[in-house]
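The values are calculated or read from the model by the stated rules, or taken from the named source; none is laboratory data. It should be emphasised that the depicted structure is a prediction, and the values quoted were computed from it without experimental measurement. As a convention, Cβ positions derive from the backbone with ideal geometry for all residues, glycine included, and neighbour counts pool all protein chains shown. Areas reflect the complete protein model, heavy atoms only, side chains present, ligands, DNA and RNA absent. Shrake-Rupley method; radii C 1.70, N 1.55, O 1.52, S 1.80 Å.
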Amino acid sequence: MVRAVRHEAPPRAFDAEHYRLALTVDPLSRSIEGSCSIRMRANEVTARVELDLVGLTVTEVVTQLGVQLSFKQDAEILSVDLLERAAKGALVELEISYRGSPKKGLWFAGEENGAPTHLFTQGECEDSRWWFPCFDYPADRATSELIVTMPAEWRSVAAGELKSSSAAEKSHTEHWQMTTPHPVYLTTLVAGDLALEESDWEGVPLWFLAPKKFAEWMPASFEETDEILDCFSELTGLKYPYSKYSQACVEGFPVGGMENISATTLTCETLSDSRGYQDEESWSLVAHEAAHQWFGDLLTCETWPHIWLNEGFATYFTLLYAEESRGLDDFRVRVRDTQESYLRLDRGFNRRPTVWDQYVDPIDLFFGGQAYPGGASRLHLLRFILGDEDFFAGIRRYVSLHANSGVTTNEFQQVMEEVSGRDLEIFFRQWFYSAGFPEFRVEWSWDEEDSVVRLRVEQTQAKYNWTPEVFKLPVDVEVKTGSDSELHRIQLSKRSEVFELACDVRPRWVRFDKNGWIPKQLESFKSLEEWGALAKEDDDVNGRRDAIKALGLMLKEAESALGSVLSAKLQDSLETDPVAAVRASAATALSGDRQGLARAALERAASTDESARVRIAALTSLVREGPDPELASFAEAVFEEAYSWWTAAAAARVRVAAGADKVEWIEQALERSSPHDVLRASLLALLGEQDDPRVKGILRAWSSDDAASTKARAAAVSALALVSRNDSEIAALLTGFLVDAPYALQSAAVNGLAISKTQLARRALSAHYSSLIDPRQRRVVEISLQGRL
């Protein structure tokens, strides 16, 4: 088992000032050849330059005058001996010629007539070293040029401006230049036989690229780019800072998007048809990556332990764009969903402080919840504590003061303290350098004689993995009486406290943390009447959602009379609440209706609600109805309509639960295509859940079908692994996908072998561990093998 260790900022013998890459790409051999020229300045007296480079062969190193230099190359470092010792501050220029077939960092993608149709790079965190020699850490910033020679029918996009383009008989060369210094992980190249759409925002050229088969879906995906750049320019106080902005969609991209400076790369799966956009619109991914052009590119975390300054800011600014473009209810729903995503992740062995310097690979810091939803949730809480005026003034000051530089959490804290005039030491210590979140147990009573509400607040979080015993922070408490309400701000400072809030009449409700600013776990004790009033009347959308969830839990345990009352309340919310997220919560809560009183309302919602989210929630609740020919027919109709692709997938689950001939029906449904095979992948997962001897053979066939999409094959592999944990033959099949398979298929095989109980799977994981180049796959293997020791 590889263990996480403490990482310090690497020594920096040199600061790079400029990189010039001149590459020829050969799609048929999936190789590159060319040179990397680096201008750098010595930070100390030294006679050697050490650069990061992995998996490629250096053929020559020369000075700017063409004098050859001796060099040595091992598995990870290129060491170059200078002609003489460089003095501190001296300028050194090298040109390194190299070639090879990158194993990562630069990926060839798509396939037509046996050859890739395009390529892309992905440098984060330390993968630029896999396609050019460099100082591969985020604190080193340099300007860059990229000259790429490619097949004649290809076009490219890279950081900065296109300076020139020339054509030969069989090739095409383009020259890109970026004059803003940036870390090498943001150096980018996308090239291929791609469709291009062009636009303009405030004089800034906008480019949109994708494989030609997806061209018709680009306009809908990127239509809000102008508004997003407007919003972020206003919020940061700095207009979008680069000479152009491109967004290129590529096949096989290992993540959703990457904020390469001035040239974002995205998965093609963000492009879809009208049914796909009912499920998930592209604007949120577009906004997230656009926010990174400020937070991540213009201001970059100085070291990886501060990655939340990139990802937490991009996540929160996506929410801020939702607040501006879609309104307060939508914003609050998304904030709550973000908080809950963080709360689910930051538990058990995943719990750690947000700022954390212990890891195996820096990418490990991205997946515990702290960087993305955790960072965004903490920014939202800081906004509450400071108020909008100081919070946004602080953000603008932070951007103006630290533009074009690396940043740390302490520097952000200092700016926010300077602007607000507040001491934020306790806040940052508890929320960034400590771990976890508060867990509250809250109850209240009303004292008629003293005319007060007594609010008891207990913090129940266990003190482990750096979690504070007490979170000290302000909380807003709403006391609702009749049509009036009063907001009280209390200050938490102890493990258990009682607060007295003046109130002349018995409240209709008392709500702790009104508007949900705090990422927290809350156990709250209320009557049916109080929950019912909140579900119907709370002006905060999440107050209604919380109340509906509580009523749903009551419904599961209720006897017939009370159950009828509860079901009626929830059906009312399902049919009348103006916010889709609330209606979806009501549909989910009605799964506890054991008397069948809600079936008609759920069927109406599943077939007529304007929101796919509500339809899916209603269909999911209908699954528990069990075998029922009429319900099966209803589900088939909803499936055929396919209001959205995820709605169709949810309808398939109802059809299989309610009808006969389950496997036969799924096989027939698998004939239906959808963008990126999202429906087929869901159906294959559903097939794997069926208790039928034919399932394994069907899944095996899909797994091995080279004509099937990677997404469908990966879904089949995942389902097959779940039903074949003791099957060595299936383990052997999955082992075959560990080499030269598309990334998604390889990852599915790794995950499948990790849950296999066979010795063959264990041997395969051990044998292939060293050849797995993706840190996420390696973590899966490490955990699996450790668990079997």
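In percent, what relative contact order does region 1-104 have, based on Cα pairs under 8 Å that are 6 or more apart in sequence? Provide the component values of the computation, followed by the final result.
Values: 213 pairs, mean separation 33.6, N = 104.
Relative contact order, region 1-104: 32 percent.
Averaged per residue, what accessible surface does the chain expose to a 1.4 Å probe, in Å²? Before the final figure, lay out the partial values.
On the way: 32090 Å² over 789 residues.
Each residue of the chain exposes 41 Å² on average to a 1.4 Å probe.
Rounded to the nearest 20 debye, what is the charge dipole size of the chain about its Cα centre when +1 sits on each Lys and Arg Cβ and -1 on each Asp and Glu Cβ? Walk me through the numbers before you get to the answer.
Values: 84 positive and 122 negative charges, 505 e Å.
So the dipole magnitude of the chain works out to roughly 2420 debye.
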Ordering of 714-727, 53-66 by packing [mean C-beta count within 10 Å, highest first]:
714-727, 53-66
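If you keep only loop residues by DSSP, which trypsin sites (Lys or Arg not before Pro) in region 281-388 have at most 15 other Cβ atoms within 10 Å of their Cβ?
Working: sites: Arg326, Arg332, Arg334, Arg336, Arg344, Arg347, Arg351, Arg378, Arg383; in loops: Arg347, Arg351.
Filter output for region 281-388: Arg347.
Using a Förster radius of 45 Å, what is the FRET efficiency between Gln414 and Glu50 based on their Cβ-Cβ separation? Nearest 0.05, please.
Values: r = 33 Å, r/R0 = 0.74.
Step by step, r from the Cβ atoms, then E = 0.85.
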About its Cα centre, how strong a charge dipole does region 658-787 have in debye, to the nearest 20, once Lys and Arg get +1 and Asp and Glu get -1 at the Cβ?
500 debye
At q = 0.14, 0.15, 0.17 Å⁻¹, what log₁₀ I(q)/I(0) does a Debye calculation on the Cα points of region 283-351 give, no solvent, two decimals?
-0.49, -0.55, -0.69
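Looking at the square roots a ≥ b ≥ c of the eigenvalues of the Cα gyration tensor of region 7-100, which shape do they give, rounded for a/c under 1.5, prolate if a/b is larger than b/c, or oblate? If you can, show how the numbers build up before the last one.
Details: a/c = 1.99, a/b = 1.58, b/c = 1.25.
In terms of gyration-tensor shape, prolate.
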Please turn the phi angles of region 705-717 into ³J(HN,Hα) values with the Karplus equation 6.51 cos²θ - 1.76 cosθ + 1.60 (θ = phi - 60°), one per residue in order, whole Hz, x for glycine and proline.
7, 5, 7, 6, 5, 4, 5, 5, 5, 5, 5, 5, 4
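How would you classify region 633-714 from its alpha-carbon gyration tensor, with a ≥ b ≥ c the square roots of the eigenvalues: rounded for a/c under 1.5, else prolate if a/b is greater than b/c, otherwise oblate? Each step should come with its number before you reach the end.
Working: a/c = 2.36, a/b = 1.21, b/c = 1.95.
Since a/c reaches 1.5 but b/c is at least a/b, the shape of region 633-714 is classed as oblate.
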Which lysines, if any, have their Cα less than 24 Å from the Cα of Lys104, not counting same-chain residues under 8 positions apart?
Lys72, Lys711
Computed, not fitted: 222 nm per-residue ellipticity of the chain from DSSP H runs ≥ 4 (each -39500 (n - 2.57)), nearest 500, equal to -12000 deg cm²/dmol
Distance (nanometres) between label positions extended 7 Å along Cα→Cβ at Glu449 and Ala90:
8.8 nm
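Over region 438-507, what portion of Cα pair distances is larger than 17 Å, expressed as a whole percent? Numbers along the way, then the final one.
On the way: 1122 of 2415 pairs.
Here the long-distance tail beyond 17 Å is 46 percent of all Cα pairs in region 438-507.
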Starting from the exponent 0.38 and prefactor 2.2 Å, build the expected Rg for the chain from its residue count and divide its actual Cα Rg by it.
1.02
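P(r) tail for region 167-325, what percent of Cα pairs lie past 26 Å? Walk me through the numbers before you get to the answer.
Details: 3145 of 12561 pairs.
Every Cα pair in region 167-325 considered, those over 26 Å come to 25 percent.
Mind checking region 511-574 for chymotrypsin sites (Phe, Trp or Tyr not before Pro) that DSSP puts in a loop (not H, G, I, E or B) and that have at most 12 other Cβ atoms within 10 Å? Can you show the working numbers first?
Values: sites: Phe512, Trp517, Phe525, Trp531; in loops: Trp517, Phe525.
The qualifying sites are Phe525.
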Area accessible to solvent at Lys213, 1.4 Å probe radius, in Å²
130 Å²
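Would you mind checking Lys480/Lys556; Lys494/Lys569; Lys480/Lys569; Lys520/Lys662 for any pair whose Cα atoms are more than 30 angstrom apart? Could the numbers behind the result be given before it?
Working: Lys480/Lys556 28 Å; Lys494/Lys569 38 Å; Lys480/Lys569 20 Å; Lys520/Lys662 42 Å.
Going by Cα-Cα distance, Lys494/Lys569; Lys520/Lys662 fall outside the 30 Å limit.
Please say if region 365-514 is rounded, prolate or oblate, where rounded means a/c under 1.5 for a ≥ b ≥ c the square roots of the C-alpha gyration tensor eigenvalues, and otherwise the choice is prolate for a/b larger than b/c and oblate otherwise? Intermediate results must be reported in sequence, preceding the final value.
Working: a/c = 2.77, a/b = 1.77, b/c = 1.56.
Prolate, because a/c is 1.5 or more and a/b exceeds b/c.
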Qualifying GluC sites (Glu not before Pro) for region 157-212 [loop in DSSP, other Cβ within 10 Å: at most 15]:
Glu169, Glu202
Candidate lysines - alpha carbon under 18 Å from Lys163, same-chain residues fewer than 8 apart omitted:
Lys244
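Based on the Kirkwood radius over alpha-carbon pairs, what is the Stokes-Einstein translational diffusion coefficient of region 18-67 at 20 °C with 1.002 mPa s viscosity, in µm²/s? Numbers along the way, then the final one.
Numbers: Rh = 13.3 Å.
Calculated translational D: 161 µm²/s.
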q = 0.19 Å⁻¹: log10 I(q)/I(0) that the Debye formula gives for region 119-184, counting C-alpha atoms only:
-0.80
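With a 1.4 Å probe and all protein chains left in place, how much of the accessible area of the chain comes from carbon and sulfur atoms, in whole percent? Before the final figure, lay out the partial values.
Working: 15180 of 32090 Å².
Answer for the chain is 47 percent, counting heavy atoms of protein chains only.
According to the Cα gyration tensor, what semi-axes, each the square root of 5 times an eigenvalue, does the equivalent ellipsoid of region 675-761 have, listed from largest to smallest in whole Å?
Numbers: eigenvalues 66, 50, 19 Å².
Its equivalent ellipsoid spans semi-axes of 18, 16, 10 Å.
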Distance between region 195-250 and region 614-640 - C-alpha centres, whole angstrom
40 Å
Going from the alpha-carbon gyration tensor of region 87-157, what semi-axes, largest first and in whole Å, does one get by taking the root of 5 times each eigenvalue?
29, 14, 11
For Ser246, list long-range residues whose amide hydrogen, built 1.01 Å from N in the peptide plane, is under 5 Å from its own amide hydrogen.
Trp207, Ala263, Thr264
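In square nanometres and to one decimal, what's the mean projected area of the convex hull around the Cα atoms of region 527-681? Don't skip to the end; give the middle numbers.
Numbers: hull surface 36.7 nm².
So the mean shadow area of the Cα hull is 9.2 nm².
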Semi-axes a, b, c in Å (a largest) for region 617-681, each sqrt of 5 times a Cα gyration tensor eigenvalue, come to 18, 13, 9
